[in-house]
Each structure stands twice: as C-alpha cells, then as structure tokens.
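Written below as structure tokens is the structure these notes are about.
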Amino acid sequence: MKNFKRHRGPVTSTAAIPGSRRLVTGAYDGAVCLFDLDGGPLALLGFHRHLVNRVVVDERGGARAASCSSDYTIGLWDLASGQRIKTLMGHSDDVEDFIFVNDELGVSASRDRRILVWNLKTGAIEQVFDQHERDVLSLAYHDGRLYSSGDDKTLRAWDLAGGRLLHTLGPFELETDTCAIDAVHGRVLLGCDDGAVRVFELATGQEVRVLPAHRSGIKKVAVSSTGGFLSAAYDQRIILWDGAELTPVLELENVPHKWERSFSFSSDGQSVYAGTFDGTVMVWDAATGRRMSELSSDGEGNPCFNRVAAEAGGQVVAVSDDGWVRMATLTMDSAQWAERAHPPSGRMLMNAVALDATHRRVVAGAHNQRLHFYQLEPQRLSSQLEVDLAEGPINFIEIARQPEIDGHIFVACYSGKVVHLSPEGQILAKLPVHDGAVKSVRLHDARPLGFSCSASGQLHSWTLDGEIVERYLGHTAIINDLDVDPQGKFLVSVSRDFTLKMYEVDGGRLRSSFALGSRSLKSVCLMSSRVAIVGDYWGYLIRVDLETGAVRRKSIARNGISSLSRCGELLVAASYDGGLYGVHPDTLEISQQLIAGEQRPARTEHEGGR
C-alpha cells in the first residue's frame, strides 16, 4: 500500500474496519484508501477507472472490503495485504451499493436497474433480480432477506435463497434513495425525498411510523450497532434517533461549507463518520454530537467545477464544490484568472451560475438553497444580495433576455420546482413543473416559454405561469441537460440513457435520437442549429452533426465534463478535475486552459470521472 496525500474529489463513502482505528474510503477521484483515525498517513489501496460510489467492509472479521464504481465494476480488496482480490464485472451502468452476505456470496445494485448476486470465489453471477423499474441505489440485508430501494419510489423485499420478490412497498410520492436495517428492533428504515423516514416491521413489512424528519430530501439513513440511527438530508441537518422510541435525540454539529456526502457509524456506535465534498473525512462523537476531527484537510477544499457561464467577449465565471465563484478571461489567444469570491455568509458547495453581461451581474446558486447576487466589475465580483429559496439544492440558473422579462431569473431546484425571481431578487413564483429534481432550465429567446428537464426523466416546455405546454417523450433515464436552438425551432437533451435527442419545440415530435455509446452523458451545448457538443462523465467531448449524424470524440479532461458554454469563437468546458478548457468546436482541440489552484491530478490509466 502506498501513502496517498489526499482525495482529489468528494469522499463518497466511508466504512469502519471492525476492531481497528481505520476506515476504508472511496471518492470521485476513483481512489480506494485507508484512513488512520489517529492521524497516520493515508494509504492507497488502488483505483477504479471512474468515481467510487460506495465502499463496504465485511463485518465478519473485517478482512475484506468492496468498492462500487461508475466504471460499472465492483472491486474486492484484501485489507491485510492491500491487494485487489477480484474485479466483478456484469453491470451495464453505475454500481451504487454492495453487501457481503457471507464468505461466498455478495449482492450489488446498479443504475442498470438490476440487482446481481455474486459468487465471490469465482466471480460468477448466480442470480439476477430485475423487477425494479428505475435505478437501484441502496441495499440492506438481514437473515436471508434482501431489501432494495431507488428511483422507482419503492422498497422491495426479496427472498435471497429462493430468488423471488416477497413484497413491494410503495410506490411512494418521491424517490427512495436510501434504506437500512435496524436488526436490534426488527425494522427497516427508508429515507425518502419528501424528507420523511418511513419505518417498517422486518417480519411483516407493515408500516410502523412515518417520521417527518427533514424539510428536504434524505440522502442517507444509517444504523448503529446499538440500534440508534441517523438521518441526513439536503436541509443540512444530521439527526441521531432513538431506535426504540423513534424520537430524535440530538443533531450533529454542522459544518456548513463542507457539505457531507456520506455517513456511517463506528463498529461500537460511539462515532459517526462522513466523507465531504472537500475531500476530507469528518468525525463526530455520537453521544454529544460534537465534531471531533477532520482528516486530510488542507483548508482549501476541492475545486471540482460544476457549472460555467460565459459571454462573447471572453468573460467566464465558474462555481465549484469548494464554494468559490471564480472569474476568468478566456479567448482564442489568452487565458487568465481574475479575482475569486465567496458569499459573505461563507463558502458552500455551488452547482449553478449565470452571467448577465448586459446588466453586469452574476447569480450563483448553492446547495444550502440560497441564491447569491454579484455585481460584475472589472476583474472582481462585488456581493450584493442573498436570497433563500427554500426549495432544496440549486442545480441551474437561467437569466431571461426577452424584452418583457429582461433580467428575470429562473432557477432549477431539487424540489422539482422552477423558481421565478425579478431582477432585484424578489420571488415572483414557484412553478411545480416536475416530479423530481430539476436538472436544467432554458428560456425561449423570443416567446414567453420555458424548458426544463428532471431527474425523473421528464422534459417539458411551460408557460411563465407554470402551465405545461409540451411533454417531450423518449428518454428512459435521468435527463441531465438541454439546450434550445437560437431560432427556437428545436431543442436537444442528454440523458443517462446514453442518448442525445432532438425535438421540435412546437408539437413535441422527436426528430432524431443519437446513441452515443455506453457512458453517461452530462452536458450539452448547441454551437449552431446544426452542431451539438456533448460532455460525458468520463472527460470526453462528443461533436454531433445533427443533420448527417456524424460523430467526433475527444478526451480533453481527467474527469467528467460538468458544463458547457459558448464563449465567442470558443466552447468553454468545465470539468470536475478543476479545469476550464477553451475548445475549438469544430476540431475539439484545446486552445486555452485554466486549472484552479494546484488540484490538477496527474493523468493515470486508473482515473476516471464523476
């Protein structure tokens, strides 16, 4: 095992090794590591070719670990030697969870909607459960029964030995991203996107109680060996519960700008661990809720870019996991950073930014549900206003250019709503246009018409009063981004179903569908009415001629392409690797690039994307 300075991306998962002071961690950089809770050096087990979504430790002795990755594989690791034992291959999309059933069997869940049962000695698939209708995200196991939950809004119970579905709970109103078993009290816990923890009897599947735990979607439920449990949600509250009484006991001390990504308990239940978007591991005392330490922190965080916006003259703004809003100039001949800024209330992971060149302002959106307004001055940003939307994390911002609503702001939120604000920041309306998180929003340049896509696979156009005009059908998975033809005649969208689709704005007819391989697509930008550029989660740009179907690909980054924006003659691509790339849209060659801080990792054959 090699010493490893720190993760170069959010830590997605932590798992305690029984009988030790060590944790296994996985992160967006594809690395699987060992953390020493006493401050010893970080040890690298190895890499996946893409981000790690989950790590687990075999609790029967703690000799093995497993890592689930978006490279569609599961890695098995010998923790004593630090060697990879085996790589399990059989899924066709991101692997989200894994369970060690016993010495010979393991179970995995994937966004390919399947649950696979593995022979861990041979690597063979022994059973396939494929009754889920959407992505499977979470697994729990106890005494021969397997439980699974995910994007089809259900909790399903399976007889593992018999290979059959026992019962299905739901569908509930919203997604059910996380489940866990409280073996002490004989219950199953289900964390839901409506902020509730639903509690069921293990033996019968009967609902015990619905706990209105949070104001926004729950990202994790985890159970302690003592029978207590925690719930953590996008409202940034982490609540510890009494498992017997089903009552809240305390909240963990909050560290707002860190934004935790995952949670687990120590083997004895005395500590809580969480990976953060800053690439660190947080440790709390479960008895008091007090934060005890932060491992692998250097104070700067990870500048993984989530969104970029640009204007024709070369001015660029970008937001990232570390909470900074960065300004830059990027032209065919030069690239230069300008001043960076963060909100007066402190750094917070940001996913959204928009640049209004006409009115010289920038609007950024954060995971704590707040919009931040800045005046755009030469080489600097001047903070003006902060608005709390209270609609979950903010995913995308669009600023109107039509004369009637010039400067109005439309915000895509995790709650499924698009929030409409005046140029001064007054909330004018909250439009309930989707069932799931809104991923992207655009406006028609000439008509009072909006467009948006969602995690529920919906793609809609709507009036500015929120009335649905068209439903664009055809995608079968999360739709991550869309763009609208400048003439307003058609729109394009990209999805986790690996396709770029082209629709007529009026009537909703699907004109073309382009299958772009087997790697999930993240971002799209129309360079003209004929050319679309797509960014994927592996660092590739894909140029698609919408008339001929001709496709050109090029790897430009060491991680996923999160966002694309036109910038004069260039296309600006933002990456989770901390880079902004000025690219020729015809050749996909990099003309200029900017790297945030010193976070750019050296390319290796193992490193992938988010």
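Here are a few things to note about the model shown:
- Residue match in segment 514-531 (condition: in a loop (DSSP other than H, G, I, E, B), of a type in the set (A, V, I, L, M, F, W, C) and open to solvent by less than 30 Å² (accessible area, probe 1.4 Å)): yes
- Selection from segment 301-337 of residues that are not hydrophobic (A, V, I, L, M, F, W, C) and not in a loop (DSSP other than H, G, I, E, B): N306, R307, Q315, S320, R326, T329, Q336
- Test: residue in segment 562-576 that is open to solvent by 10 Å² or more (accessible area, probe 1.4 Å) and at pLDDT below 70: no
This table checks each residue for (1) crowded, with 21+ Cβ neighbours inside 10 Å; (2) more than 22 Å from the chain's Cα centre (by Cα); (3) of a type in the set (F, W, Y).
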| site | (1), (2), (3) |
| --- | --- |
| P393 | yes, no, no |
| F396 | yes, no, yes |
| F410 | yes, no, yes |
| H444 | no, yes, no |
| L449 | no, yes, no |
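- Extreme residue, modelled with the lowest pLDDT, among residues of segment 368-389 that are over 22 Å from D321 (Cβ atoms) and of a type in the set (A, V, I, L, M, F, W, C): L376
- Of all residues making up segment 132-143, the number that are more than 24 Å from the chain's Cα centre (by Cα) and either at pLDDT 95 or above or part of a strand (DSSP E or B) (or both): 2
- Residue in segment 332-339 that is in contact (Cβ under 8 Å) with a residue 40 or more places away in the chain and either under 22 Å from the mean Cα position of the chain (by Cα) or open to solvent by less than 10 Å² (accessible area, probe 1.4 Å) (or both) present: no
- Counting only strands (runs of 3 or more DSSP E) wholly contained in segment 1-116, the ones carrying 2 or more residues that are of a type in the set (V, I, T) occupy 11-16, 22-27, 52-57, 73-78, 83-89, 95-100.
- With respect to being open to solvent by less than 10 Å² (accessible area, probe 1.4 Å) and at positive phi, G30 fits the description.
- The numbered conditions (1) of a type in the set (D, E); (2) open to solvent by 10 Å² or more (accessible area, probe 1.4 Å); (3) under 19 Å from V411 (Cα atoms) are all true for E470 except (3).
- Residue check: L23 meets all listed conditions (1) closer than 21 Å to L88 by Cβ; (2) surrounded by 24 or more Cβ atoms within 10 Å (Cβ to Cβ); (3) hydrophobic (A, V, I, L, M, F, W, C) but one, namely (1).
- In the condition set (1) open to solvent by less than 20 Å² (accessible area, probe 1.4 Å); (2) of a type in the set (G, A, S); (3) closer than 18 Å to T14 by Cα, A213 is compliant with all but (3).
Here is a yes/no grid of residues against (1) assigned to a strand (DSSP E or B); (2) free of Cβ contacts under 8 Å to residues at least 12 places away in the same chain; (3) out of contact with any Ser or Thr (no Cβ under 7 Å at 6 or more places or on another chain); (4) closer than 17 Å to E589 by Cα:
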| position | (1), (2), (3), (4) |
| --- | --- |
| R543 | yes, no, yes, yes |
| G549 | no, no, yes, no |
| S562 | yes, no, no, no |
| R566 | yes, no, yes, yes |
| V572 | yes, no, no, yes |
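- Of the residues making up segment 99-137, those that are open to solvent by less than 10 Å² (accessible area, probe 1.4 Å) and among the polar types (S, T, N, Q) are S108, S110.
- The residues of segment 179-209 that are open to solvent by 20 Å² or more (accessible area, probe 1.4 Å) and under 26 Å from the mean Cα position of the chain (by Cα), listed by number, are I181, D193, D194, R198.
- For V184: the one exception among (1) in a strand (DSSP E or B); (2) in contact with a Gly (Cβ under 7 Å, 6 or more places away or on another chain); (3) farther than 21 Å from D435 by Cα: (1)
- Residues that are open to solvent by less than 10 Å² (accessible area, probe 1.4 Å) and not in a loop (DSSP other than H, G, I, E, B) within segment 431-442 comprise L431, V438, S440, V441, listed in sequence order.
- Count of segment 260-300 residues which are in a loop (DSSP other than H, G, I, E, B), open to solvent by 40 Å² or more (accessible area, probe 1.4 Å), of a type in the set (D, E, K, R) and under 25 Å from H342 (Cβ atoms): 2
- Residues of segment 412-430 satisfying the condition of being of a type in the set (D, E, K, R) and either over 24 Å from the mean Cα position of the chain (by Cα) or part of a strand (DSSP E or B) (or both): E424, K430
The values are calculated or read from the model by the stated rules, or taken from the named source; none is laboratory data. All values derive from a computational prediction rather than experimental measurement. With ideal geometry, Cβ positions are generated from the backbone for all residues, glycine too; neighbour counts draw on all protein chains shown. Please note that ligands, DNA and RNA were not included when accessible areas were found on the heavy atoms of the full protein model with its side chains. Shrake-Rupley method; radii C 1.70, N 1.55, O 1.52, S 1.80 Å.
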